[in-house]
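Single-structure report; data block below.
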Amino acid sequence: MSEIKELLVKTMEKIFKKHITKETVDLIDEGQWADDVWEILKENGLLAACISEKAGGAGGDLEDLFSLLKIGGKYAVPIPLMEYIFSNYILEKFHLAPTDEMITYNLSDTPNCTLSENGEVSGAFPHVAWGRYASNLVTIAKGSGGNYLVKVPLKDALVKEGANLAGEPRDYIKLTAIPILEKSRIIDYEQIEEMILLETAAKCAVIAGTLEKIYESTIEYTKQRQQFGRYIHRFQLIQHHIAQLAGETVIVDSAVDNMMEALVEKRHRHEIPLTRIRIEEAIRTVSASAHQVHGAIGVTYEHNLHHYTRRLWSYRDEGRGHLKWSQKLSRDLLQSNNSMWEFLTTY
Amino acid sequence: MKLPSSQFTKDQEKFRLEVRSFLQKELANRTFETACDSWLSGCNPQFSKKIAEQGWIGLTWPQKYGGQERSAIDRYILTEEFLAIGAPVAAHWIADRQTGPLLLRYGTEEQRSYFLPRITNAECFFAIGLSEPNSGSDLASVSTNAKKVEGGWLVNGAKTWTSNAHDAHFMITLVRTAPYSKESKHSGLSQMIIDLHDKGVSVKPIKYLTGEHHFNEVFFEDVFVPDNRIVGTIGEGWKQGLAELAYERSGPERILSTFPLLEEIYSILKQQQNKEAMNRLTELVAKLWSLRNLSLGVAKMLEQGGEVAVPAALVKAMGTQFEQSIPEMVRLLTETYPTMDAQKMLDRYMAQSILHSPGFTIRGGTTEILYGIIAKDVING
Ligand SMILES: Cc1cc2nc3c(=O)[nH]c(=O)nc-3n(C[C@H](O)[C@H](O)[C@H](O)COP(=O)(O)OP(=O)(O)OC[C@H]3O[C@@H](n4cnc5c(N)ncnc54)[C@H](O)[C@@H]3O)c2cc1C
């Protein structure tokens, strides 16, 4: 990582550390969100990361974006961080205008809505992240000639509020003949797949941050809690949990770093699914071990562990998840003429 | 714990293909047969000689000692190509992986110029003499002892589980040169190079559970070890040995011991166009991919002189459990009847993997001990 990037990461961490407390994270369950944090991030230009300066952004690349998302995951920020930045990122990528207004996205390889000849979209989306707060939605619409990336205003949409396991807004949205704001040129299958790849990669970064947080706070807990007159980290079975937590966290961190590098070098077609598939086990192990080590306190609302474990249990089923990625990777493997070793060592 | 990510240069890619095509040719010529776990159980001195002729033993060492002064990443590539094809490299493995770096770090000039060229020529193989009947995980409790005599030391005691001692010429042996004390059990230990053909040394086979001769007991009765065969400093043997461990624990051999089996099942599932099984295989592929990144990260850090004891322990703990899991997964993906002499490669690799895998999580430090090391570091860190 370059020095500028390290500085950026440090600045971001500082902001998050200063402004995000357990109470901030709790807001989500009270149906609120941390708009003060949002404003601070905005002032510092962090919400415009990875958008070119030409388009009114703060510049930076995917690595910056992912570093930011990882920190976001670590602090469980109750704001639509990924949704907002990622929506603008894909808008710009497809030559549409990024926006200052609240925006979210919904991507799927089979479009959920249709685009009529006169530029109106109709369709329904089951779990739109932060939908109720968003003024705009970026999604893929099926038109007469093919698929388009469209930007749709949400003020006339039907919104039914819902939430994921972590209490984050995941709303049902129904669009009936809503005139779009903008559309891309026709996009092909490969382009849609590329968007979904990137979205998965971004989610992996968020999850890596959440895993790191759980790991760090579990270690802390073992240094505070005493039983039988000893700190619990002195018990060997607790040490095994610690070692496994460390292993899973480090391996995911390294996977995400390697994935980012592959992205920068545009050889990420398999690296992203591999990371995503590996993360599944990390989520399983880390959430189970962390709760076990915390004992009863960890399953109370009072303690903050659940903010992170509930997010992991949510994120793993959002977007394209383990099952679909493994099916897809397995299709590639079935068709490949390479040996397994060639597959692993060809960059 | 932050590890660098893995990338290879064009030259490194070229080197990989060079090694690969050499090995494929040798395989086609039947110089060797692919087998699982052959880095430790595939001892074939003639094959090691061929590797030496390529200049591939001691690849990273100075040229004046017969090395090529190549990078640690080149060596990583070389060793993982051996492992992927299951080549019998056990004869020279220990000397290449551990003895060379140890002597380069702590050895005398005389030791280096005597041993290293012989190692790179595959004329001189080494064994590791750590474990004893009563000292396994609690290694610092070893009781093989050496008494100072004129011009050297007299060694008495026994080592056990010594892999390939029957084919090796020398053994780096951990001995007690000062009495054991509970308070400072790590002091008073020293490393010596013992000639396994010297008077007073006897090597007795211990049959592995397959009946194969793989490891040994080594007995010492008044074995004279001259002063010039002491490695580094008397009393510093523990510290010196710890430096070896990072090499011993983080390499690709902690991930790839059963790789030939994974390769074979992949080829079978492709022939069957078996979607469902391939879906499940992707989990193993993702695990392998991520472990390899980790292990490569440690190799990079080692090259930059970083502190890697704990990440190396992580690689070994996680990697060996992965190697162990492959046959267990494979048998759920296709029909197999494992036997050691099966005609079908899958069945043969299955047999090798099942029968060798209990040792993976024991040799080189048990998983339990590694977990302890990791946890303690995390708590103190
Ligand atoms: C195939 C193979 C090849 C080998 N080759 C060599 C060789 O070439 N040279 C050599 O010197 N040695 C060699 N070894 C020996 C190896 O290093 C030892 O087996 C290993 O260090 C464990 O010692 P042990 O077998 O005595 O088990 P023990 O130490 O007796 O352990 C028995 C069980 O108790 C557990 N245990 C022990 N202490 C603790 C603790 N503090 N906390 C929690 N659990 C604990 C262990 O994890 C294990 O499960 C080899 C072993 C194998 C299997």
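The values are calculated or read from the model by the stated rules, or taken from the named source; none is laboratory data. From a predicted model like this one, the values you see are computed outputs, not experimental measurements. Virtual Cβ from ideal backbone geometry, glycine too; neighbours counted across all protein chains shown. Note: areas computed on protein heavy atoms with side chains; ligands, DNA, RNA excluded. Shrake-Rupley method; radii C 1.70, N 1.55, O 1.52, S 1.80 Å.
Near the amide H of B:His214, within less than 5 Å, lie the amide hydrogens of B:Ile206, B:Tyr208, all on another chain or at least 5 residues away, with H placed in the peptide plane. Working note: Karplus 6.51/-1.76/1.60 with θ = phi - 60° gives region A:116-128 the couplings 7, 4, 8, x, 10, 9, 9, x, 9, 10, x, 9, 7 Hz, where Gly and Pro are set to x. Here the sum of -39500 (n - 2.57) over DSSP H runs of 4 or more residues, divided by the residues of chain A, equals -17000 deg cm²/dmol at 222 nm, to the nearest 500. Under the convention that each Lys and Arg Cβ holds +1 and each Asp and Glu Cβ holds -1, the size of the dipole of the protein assembly as shown around its Cα centre is about 840 debye. Within the listed set A:His127, A:His270, A:His95, the residue fluctuating most in the Gaussian network model of chain A (springs between alpha-carbon atoms under 10 angstrom) is A:His95. Can you give the calculated 222 nm mean residue ellipticity of chain B, where each DSSP H run of n ≥ 4 adds -39,500 (n - 2.57) and the sum is split over every residue, rounded to the nearest 500 deg cm²/dmol? Roughly -15000 deg cm²/dmol at 222 nm, from the helical runs in chain B.
Normalised per residue, the accessible area of region A:187-306 is 38 Å², obtained with a 1.4 Å probe and no contribution from ligands, DNA or RNA. Shielding of peptide A:321-332 by partners, expressed as the average count of other chain Cβ atoms within 10 Å per residue Cβ, is 4.
Shielding by partners for peptide A:335-342, expressed as the average number of C-beta atoms from other protein chains within 10 Å of each residue's C-beta, is 5. The Rg/Rh ratio of region A:206-347, with both radii computed over alpha carbons and Rh defined as the Kirkwood radius, is 1.07.
Pick from B:Gln343, B:Gln98, B:Gln352: which residue has the top mean-square fluctuation in a GNM of chain B where Cα pairs under 10 Å get a spring? Maximum fluctuation in the GNM of chain B, among the listed residues, is at B:Gln343. Pairs from the table (A:Lys74/A:Lys155; B:Lys49/B:Lys300; A:Lys17/A:Lys42; B:Lys159/B:Lys207; A:Lys17/A:Lys70; A:Lys74/B:Lys2) lying more than 24 angstrom apart at Cα are A:Lys74/A:Lys155; B:Lys49/B:Lys300. Judged by the mean number of other Cβ atoms found within 10 Å, the most tightly packed of the peptides B:66-76, A:241-251 leads the ranking A:241-251, B:66-76. Does region B:186-313 come out rounded, prolate or oblate by the C-alpha gyration tensor, with a ≥ b ≥ c the root eigenvalues, rounded set by a/c under 1.5 and, if not, prolate when a/b is larger than b/c and oblate if not? It is oblate, given that a/c is not under 1.5 and a/b is not larger than b/c. Report, to the nearest whole %, how much of the accessible area of region B:251-380 belongs to carbon and sulfur atoms, 1.4 Å probe, protein only. Percent of accessible area from carbon and sulfur atoms in region B:251-380: 51. Among the residues of A:257-264, the average count of other protein chain beta-carbon atoms within 10 Å of the residue beta-carbon is 4.
In the full protein context, region B:10-124 carries 40 Å² of accessible surface per residue, based on a 1.4 Å probe and ignoring ligands, DNA and RNA. An oblate overall shape is assigned to region B:1-111, the ratio a/c of its alpha-carbon gyration tensor axes (a ≥ b ≥ c) being 1.5 or greater and a/b not exceeding b/c. Chain A and chain B together bury an accessible surface of about 4300 square angstrom, both sides counted, with a 1.4 Å probe and no ligands or nucleic acids included.
Scanning chain A for DSSP H helices at least 27 Å long along the axis (C-alpha atoms) with a Kyte-Doolittle mean no lower than -1.0 picks out A:189-224, A:236-264, A:271-294.
Which residue, A:Ser87, A:Val293, A:Ile219, has the largest displacement toward the positive end of the dipole of chain A when charges sit on each Cβ (Lys, Arg +1; Asp, Glu -1)? Highest projection toward the positive end goes to A:Val293. For region B:102-183, the list of GluC sites (Glu not before Pro) that fall in a loop by DSSP and count at most 13 other C-beta atoms within 10 angstrom reads B:Glu150, B:Glu183.
Amide H contacts for B:Ile234 (H built 1.01 Å from N in the peptide plane; partners 5 or more residues away or on another chain; cut-off under 5 Å): none found. Under 10 Å, Cα contacts only: if you run a Gaussian network model on chain A, which one of A:Arg234, A:Arg278, A:Arg170 comes out with the highest mean-square fluctuation? Taking springs between Cα atoms under 10 Å, the residue moving most is A:Arg234. Computed about the Cα centre, the dipole magnitude for region B:251-380 is approximately 140 debye when only Lys and Arg (+1) and Asp and Glu (-1) carry charge, each at its Cβ.
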